[in-house]
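Can you read through this structure? Questions will come right after.
The values are calculated or read from the model by the stated rules, or taken from the named source; none is laboratory data. Keep in mind it's a predicted model, so treat the numbers as computed, not measured. No Cβ is skipped: glycine too gets one built from the backbone with ideal geometry, and neighbour counts run over all protein chains shown. We work out accessible area using only protein heavy atoms, side chains counted, and drop any ligands, DNA or RNA first. Shrake-Rupley method; radii C 1.70, N 1.55, O 1.52, S 1.80 Å.
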Amino acid sequence: MKSYIGLKAVKAEPQTKDGKDGYKVVYKDGYESWSPKETFDEAYHESGNLSFSEALYLLKKGERIARKGWNGKGMFLFLAHGEDLTNCICTGDMPPCVDSIAMKTAQNTVVIGWLASQTDMLADDWCVAK
C-alpha cells in the first residue's frame, strides 16, 4: 500500500452524526462529505493559520494567497504563468519567460518576481485571499 499526502482548501462546519462530533465538509467542486472530528482536525486547520509551504502549495494550484500580517489592503500573491508573461512582454529574439510569483500591491499595481523574506517563510498567518 502506498502513502499519500495532500492539501485541499475546503469549507466546513461542525456537525454531529450518529452521536459523534465531526464536520460537514464542502469541497471546491461542490462535493460534500462528513468527517469525524479527530480525522478532520489532523488533516485541516483554519485558513489564516497556514504555513508558507502550505500557502505555496495552494498558490501553485491556482489560489491567491496573502498574509494576515500584511498592512497593505488588498495585497495578495498569485502565480504568473510563463506563457502569459512571454506573450505580454517578450518581443523579437527574447527567450521565453518562466512561471513567477507575482504580487498585487496595495497601490493596485502588480510586481512580477516577488521574493519571500525570512519572516514570510517562517510565518504561520498565511491565508487564501478573497
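Go through the residues of segment 43-62 one by one and say whether even a single one is touching a residue at least 40 places away in the same chain (Cβ under 8 Å), charged (D, E, K, R) and at negative phi.
Checked against the condition, which is being touching a residue at least 40 places away in the same chain (Cβ under 8 Å), charged (D, E, K, R) and at negative phi, segment 43-62 yields at least one hit.
A follow-up question, please. Mind listing just one residue for me: the one in segment 103-122 that is closer than 15 Å to G72 by Cβ and among the aliphatic types (A, V, I, L, M) and, of those, most open to solvent (accessible area, probe 1.4 Å)?
Here the residue is V110.
Enumerate the strands (runs of 3 or more DSSP E) found wholly within segment 1-97, keeping only those where 1 or more residues are among the charged types (D, E, K, R) and either in contact with a Leu (Cβ under 6 Å, 6 or more places away or on another chain) or at pLDDT 90 or above (or both).
11-17, 20-26, 32-36, 65-67
It is to be established whether one or more residues within segment 119-130 are part of a helix (DSSP H, G or I), under 15 Å from the mean Cα position of the chain (by Cα) and within 22 Å of S53 (Cβ to Cβ).
Within segment 119-130, one or more residues are part of a helix (DSSP H, G or I), under 15 Å from the mean Cα position of the chain (by Cα) and within 22 Å of S53 (Cβ to Cβ).
Okay, next question. Restricting the search to segment 25-35, which residues are under 20 Å from V128 (Cα atoms) and surrounded by 14 or more Cβ atoms within 10 Å (Cβ to Cβ)?
Selection gives V25, V26.
Given (1) of a type outside the set (K, R); (2) more than 19 Å from the chain's Cα centre (by Cα); (3) open to solvent by less than 50 Å² (accessible area, probe 1.4 Å), identify the lone condition not met by E38.
(3)
Restricting to segment 76-94, and then to whatever is open to solvent by less than 50 Å² (accessible area, probe 1.4 Å) and out of contact with any strand residue (DSSP E or B) (no Cβ under 6 Å at 6 or more places or on another chain), can you tell me which residue is nearest to D124 (Cα to Cα)?
That would be L79.
Does A43 satisfy being under 16 Å from K130 (Cα atoms) and either surrounded by 13 or more Cβ atoms within 10 Å (Cβ to Cβ) or not hydroxyl-bearing (S, T, Y) (or both)?
Answer is no for this residue.
Taking segment 48-75, which residues are open to solvent by 40 Å² or more (accessible area, probe 1.4 Å) and closer than 14 Å to D99 by Cβ?
L56, K60, K61, G62
Residues in segment 101-115 that are in contact with a helix residue (DSSP H, G or I) (Cβ under 9 Å, 6 or more places away or on another chain) and modelled with pLDDT under 95: how many?
Looking only at that region, the number is 1.
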